[in-house]
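**Q** Please read through the structure below; I'll follow up with questions.
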Amino acid sequence: MLGMLILRRIALGLATLFIVSLIVFAGTEVLPGDVAAAVLGQGATPETLAAYRAEMNLDRPAYERYAEWFFGLFTGDLGNSLATQRPVADIIAPRLPKTLMLGGFAALFAVPLAVGLGLYAAMRPGSWFDRSLTTGSIAVVSAPEFLVATLLVLAFAVELRWLPAIARISTDAGFWEIVVALTMPVLTLTAAVLAPMMRMTRSAILNVLSQPSIEMAILKGVPRRTIILKHALPNAIAPIINVIAVNLAYIIGGVLVVETIFSYSGVAKLMVDGVASRDIPVVQACAMFFCAIYILFNLMADVVSILANPRLRHAK
Amino acid sequence: MTDTSLPAPPPKWQLPDLGLLGWMSVAILVFWTFVALFAPWLAPYEESTILTNQSFAPGEDGNQMLLGSDYLGRDVFSRLIYGARLTLGLALAATLLAFVFGVTLGFVAGILGGRTDDVMSRINDAFVSFPSIMLALILVSAFGSSLWLLVLTIGFIEATRVYRIARSLAQNIMVMDFVEVSRARGESLWWILKNDVMPNAFIPLSTDFGLRFTYSILLLSSLSFLGLGVQPPFSDWGSMVKENMAAMNYVLFYGIQVAAAPILPAVCIFSVTLANNLLVDWNLSRSQKDISGELID
C-alpha cells in the first residue's frame with residue numbers, strides 16, 4: 001500500500017519530467033527560422049541560412065529532432081552550442097559542481113537557521129519576538145533578490161571592503177577562498193528562502209501543539225520547552241522536511257539572479273547568457289537541469305508526506 | 001405591545017480597521033498610482049534626455065539633478081518616475097490578463113467537472129511543474145521580449161497559478177447546500193455561476209489578486225534585471241538596477257550617494273511589494289490564514 005503510493009508518486013515525477021522536456025523542446029523551437037537568423041545576423045543570405053539549418057539539423061521534422069534530443073539527455077549528447085560550436089555537455093560539466101555547491105551551501109546555512117527561528121517563535125507564540133518575526137518575514141519575502149544583493153555589495157564590498165563583489169573561484173581554490181567568494185551569494189539566497197521556511201516551521205509546530213496528546217502533556221505539567229522539543233518536534237519533523245524540500249526548490253529562482261549579480265560562472269549564469277544570445281541547445285540543457293532538480297525536490301516533499309502519514313501505512 | 005421595529009441596519013460601508021502599517025501601505029500604493037499616472041507632469045526631465053556626458057554625476061554639483069545622473073548621463077530621479085509607469089503598468093496588465101483567463105477557465109473546469117476538468121487540469125499541471133522564472137526564460141528565449149510579449153508571458157505564467165485557485169474555489173462552492181437548492185429549483189449553470197459561485201469566490205480571489213500582482217512585479221523586475229525583460233530605450237525599475245550596477249565602482253570617487261542609481265529603483269520595487277503584501281496579510285488574517293503559506297509560489 002505504502003510502497004505502491006510511493007512508486008506511483010515516483011512514476012508521476014518521471015511522467016512530469018517527460019512532459020516538461022516536451023514543453024522545453026517545443027517552447028524553444030517554435031521559431032526555428034529565427035534561430036538561424038539570430039546566429040548568422042543580418043548579413044545572412046537565404047543560401048547561408050539554408051546551409052546553416054542543414055548543418056544544425058534544423059531542417060528535419062521536429063519529432064525526429066525531439067527524439068534524438070530526448071535520448072541525448074540520457075547519454076550526455078546534448079548537441080553543440082550555437083554560439084561557440086562546442087558540445088553543450090562540455091560547457092555545462094565544469095559549471096555543474098559550482099551551482100550545486102552554491103545551492104548546497106545556501107541550504108546548509110538557511111535550513112538550520114530557519115528551523116531554529118521557527119521553533120523559537122513557536123515556543124512563544126504572540127510574543128514580541130514572534131510578532132516581529134512575522135512582520136520581518138513579510139518584509140523579507142517582499143524584497144527582490146537583487147535589492148538584498150546590491151545592499152550587501154555596497155556594505156561589504158564597497159564600503160567595508162571585506163568581501164569581493166565578484167564571486168570567482170579558481171580551480172585549485174582552498175576552503176577559505178571558497179568561503180570568502182560565496183558569503184554574499186549564500187546570504188542573498190538565504191534571504192530568499194528563509195522567511196517562508198521559518199514561518200511554515202512555526203505553523204507546523206503550532207499545529208502539532210493543538211493535538212490532544214500535547215494537551216495531555218500540558219495537563220501532566222510537562223514544561224513547555226520539553227513539550228516542544230520532545231513531544232511536538234518529532235511529530236512535526238515530517239511537515240518541516242516537506243517545507244524544506246519545497247523551499248529548496250525555490251532556491252532555483254534565486255540562483256539565476258545571484259549568479260548574474262556576482263558573475264559566478266555556474267549553470268544559471270550560462271542559461272541567462274544563453275537566453276540573451278538565443279543559444280537554444282544551451283538553454284534547453286540548462287532548463288532541463290533546473291526543472292529536474294525542482295521536480296526532484298517536490299517529489300521528495302510528497303514522499304516524506306506519504307511516509308509521515310500513519311494512516312497510509314496500513315491497507316484498509 | 002412588543003416593539004416590532006428592526007434594529008438599525010449596519011452602516012453600508014465603513015473604513016476598515018487596517019492599523020498603522022495597513023494605512024501606510026494604502027498610502028504607498030496610492031502614491032505610486034499617482035506617480036505612474038502623472039509621470040510626464042511630475043518628472044523634471046524626459047526619461048531619455050541625456051543631460052551630461054558624465055556617468056553617475058553626483059546630484060549636488062549644481063546640475064539640477066536631484067539624484068544625479070545614470071550611466072548614460074540621464075536624470076535618475078526622472079527615470080524613477082517614468083519607471084513606475086512601466087513596472088506597475090506592465091505588472092497590472094499581466095495580472096489582469098492572468099485573472100481574466102485563469103478565473104474563466106478555472107470556473108469552467110470547476111463547475112463542469114468530469115472529462116473537461118481532467119483534460120484542462122492535466123494540461124495546466126504540466127505548466128505548473130516549472131518554476132515560474134524558468135518558464136519565463138524559456139518563453140522569452142522562444143518569443144523575445146517586446147513589451148506586449150512580456151505582458152503575455154507573465155500573464156500566461158500567472159494564469160496557470162490563478163486557474164488552480166479558481167478551479168478549487170468553484171469545486172468547493174459547487175458542493176454547498178445552497179447550490180444544491182439552486183439546482184433543484186432548476187436554475188441554469190450560468191445563473192449558478194453568477195449568483196452562487198462568483199459572490200462567494202470574490203473575497204479569496206481578491207486576496208489572490210494582491211499576491212499575483214506582487215509576483216508579477218517581482219517576475220518582471222527579475223527578468224529585466226537579468227537583461228531579458230524590458231529592453232532599451234524603455235526601462236523599468238528592474239532594468240535600471242541592472243544598467244546602473246557599475247555605479248558601485250564610482251562610490252570611491254564620488255561618495256556613497258552615487259549608489260542611489262542602482263539601489264533606489266530596487267527600493268521602489270520593494271516599497272510596492274511590501275505595501276501589497278502587508279495588505280494581503282491583513283486580508284488573510286481576517287480569515288485566519290498565514291501569508292507565508294501563500295507566499296511560496
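**Q** Taking the simple approach of a point 7 Å from Cα along Cα-to-Cβ for both residue B:46 and residue A:75, what is their distance in nm?
**A** About 5.8 nm, to one decimal.
**Q** For every other residue with a beta carbon closer than 12 angstrom to the beta carbon of residue B:231, add +1 if it is Lys or Arg and -1 if Asp or Glu, then tell me the sum.
**A** Every neighbour counted, the sum reads -1.
**Q** Once a ≥ b ≥ c are taken as the square roots of the eigenvalues of the Cα gyration tensor of the protein assembly as shown, is the result rounded (a/c under 1.5), prolate (a/b larger than b/c) or oblate (a/b not larger than b/c)?
**A** rounded
**Q** What FRET efficiency comes out for residue A:100 versus residue A:7 if R0 is 35 angstrom and r is the Cβ-Cβ distance? Round to the nearest 0.05.
**A** After rounding to 0.05, the efficiency reads 0.80.
**Q** Apply 1/(1 + (r/R0)^6) to the Cβ-Cβ distance of residue B:253 and residue A:132, taking R0 = 45 Å, and write down the FRET efficiency to the nearest 0.05.
**A** The pair residue B:253/residue A:132 has a calculated efficiency of 0.70.
**Q** Can I ask one more? Could you tell me which residue out of B:214, B:145, B:225 lies farthest along the dipole of region B:137-237 toward its positive end? Charges go on the beta carbon: Lys and Arg +1, Asp and Glu -1, centred on the Cα centre.
**A** B:145
**Q** A follow-up question, please. Determine the relative contact order of chain A: mean sequence separation of Cα pairs under 8 Å and six or more apart, normalised by residue count, in whole percent.
**A** Value for chain A: 28 percent.
**Q** Once every DSSP H run of n ≥ 4 in chain A is given -39500 (n - 2.57) and the sum is divided by its residues, what mean residue ellipticity at 222 nm do you get, rounded to the nearest 500 deg cm²/dmol?
**A** -24500 deg cm²/dmol
**Q** Taking each residue of A:148-158 in turn, how many C-beta atoms of other protein chains fall within 10 Å of its C-beta, and what is the average?
**A** 4
**Q** Provide the packing ranking of A:294-305, B:229-240, i.e. peptides ordered by the mean count of other C-beta atoms within 10 Å per residue, highest first.
**A** B:229-240, A:294-305
**Q** Relative to the longest principal Cα axis of chain B, at what angle does helix B:198-225 sit, 0 to 90 degrees, rounded to 10?
**A** Approximately 20 degrees, to the nearest 10.
**Q** Then there's this: How far, in nm, would the chain grow between residue B:178 and residue B:122 when pulled straight, counting 0.36 nm per residue and subtracting the alpha carbon separation?
**A** The residue B:178-residue B:122 span can extend by a further 17.2 nm.
**Q** Sticking with this one: Restricting to lysines 8 or more places apart or on different chains, can you count the pairs in the protein assembly as shown with Cα atoms under 24 Å from each other?
**A** Lysine pairs, 8 or more places apart or on different chains, close enough: 5.
**Q** Please list 3J(HN,Hα) in residue order for region A:223-237, calculated via the Karplus relation 6.51 cos²θ - 1.76 cosθ + 1.60 where θ = phi - 60°; whole Hz, with x for glycine and proline.
**A** For region A:223-237, the Karplus-derived couplings read x, 4, 4, 5, 4, 5, 6, 9, 9, 7, 4, x, 7, 9, 4 Hz, x marking Gly and Pro.
**Q** Which residues' amide hydrogens lie under 5 Å from the amide hydrogen of residue B:74, considering only partners 5 or more residues apart or on another chain, with H built in the peptide plane?
**A** Here the answer is B:51, since their amide H atoms fall under 5 Å of that of residue B:74.
**Q** How high is the relative contact order of chain B, in percent, counting Cα pairs under 8 Å that sit 6 or more residues apart?
**A** 22 percent
**Q** For A:262, B:225, A:289, what ranking results if the residue with the fewest other Cβ atoms within 10 Å of its Cβ goes first?
**A** Ranked by crowding around the Cβ, least crowded first: A:289, A:262, B:225.
**Q** Work from the charge dipole of chain B (Cβ charges, +1 for Lys and Arg, -1 for Asp and Glu, about the Cα centre) and give the residue of B:101, B:116, B:50 farthest towards its positive end.
**A** Highest projection toward the positive end goes to B:116.
**Q** Another question about this same structure. By how many nm would the segment from residue A:162 to residue A:83 grow when fully extended, if each residue of separation counts as 0.36 nm and the alpha-carbon distance is taken off?
**A** 24.8 nm
**Q** Quantify how strongly other chains surround peptide A:197-209 by giving the mean number of their Cβ atoms within 10 Å of each of its Cβ atoms.
**A** 2
**Q** Let me ask something else. From other protein chains only, count the Cβ atoms within 10 Å of every residue's Cβ in B:119-128, then give the mean.
**A** Mean partner-chain Cβ count within 10 Å for B:119-128: 2.
**Q** Any idea what the relative contact order of region B:22-158 is, in percent, if you count C-alpha pairs under 8 Å spaced at least 6 apart?
**A** Normalised by residue count, the contact order of region B:22-158 is 21 percent.
**Q** Could you calculate the FRET efficiency of residue B:188 with residue B:18 from 1/(1 + (r/R0)^6), where r is the beta carbon distance between them and R0 is 51 Å, rounded to 0.05?
**A** 0.80
**Q** Within a 10 angstrom radius of the beta carbon, how do B:183, B:161 rank from fewest other beta carbons to most?
**A** Ordered from fewest to most neighbouring Cβ atoms within 10 Å, B:183, B:161 come out as B:183, B:161.
**Q** Continuing with the same structure: What is the local net charge at residue B:94, summed over the other residues whose Cβ is closer than 13 Å to its Cβ (Lys, Arg +1; Asp, Glu -1)?
**A** For residues surrounding residue B:94, the net value is 0.
**Q** Show me, for region A:212-222, the HN-Hα J-couplings you get by feeding each phi into the Karplus relation (A = 6.51, B = -1.76, C = 1.60, θ = phi - 60°), rounded to Hz, glycine and proline as x.
**A** x, 4, 6, 4, 4, 5, 4, 5, 6, x, 5
**Q** Under a 5 Å amide H to amide H cut-off, with H placed in plane at 1.01 Å, what residues pair with residue A:80 once short-range neighbours are removed?
**A** A:88
**Q** Check which residues have an amide H placed less than 5 Å from residue B:65's amide H, if you skip close sequence neighbours.
**A** Placed amide hydrogens put nothing under 5 Å from residue B:65.
**Q** I need the phi-derived Karplus couplings for region B:126-133: 6.51 cos²θ - 1.76 cosθ + 1.60, θ = phi - 60°, integer Hz, Gly and Pro marked x.
**A** 4, 7, 6, 7, 9, x, 4, 5
Every read-out reported here was derived from the displayed coordinates using simple, explicitly stated rules and does not represent laboratory data. Computed from a prediction, not measured in an experiment: that's the story for all the values here. All Cβ positions, even for glycine, are placed from backbone atoms using ideal geometry, and neighbour counts span all protein chains on display.
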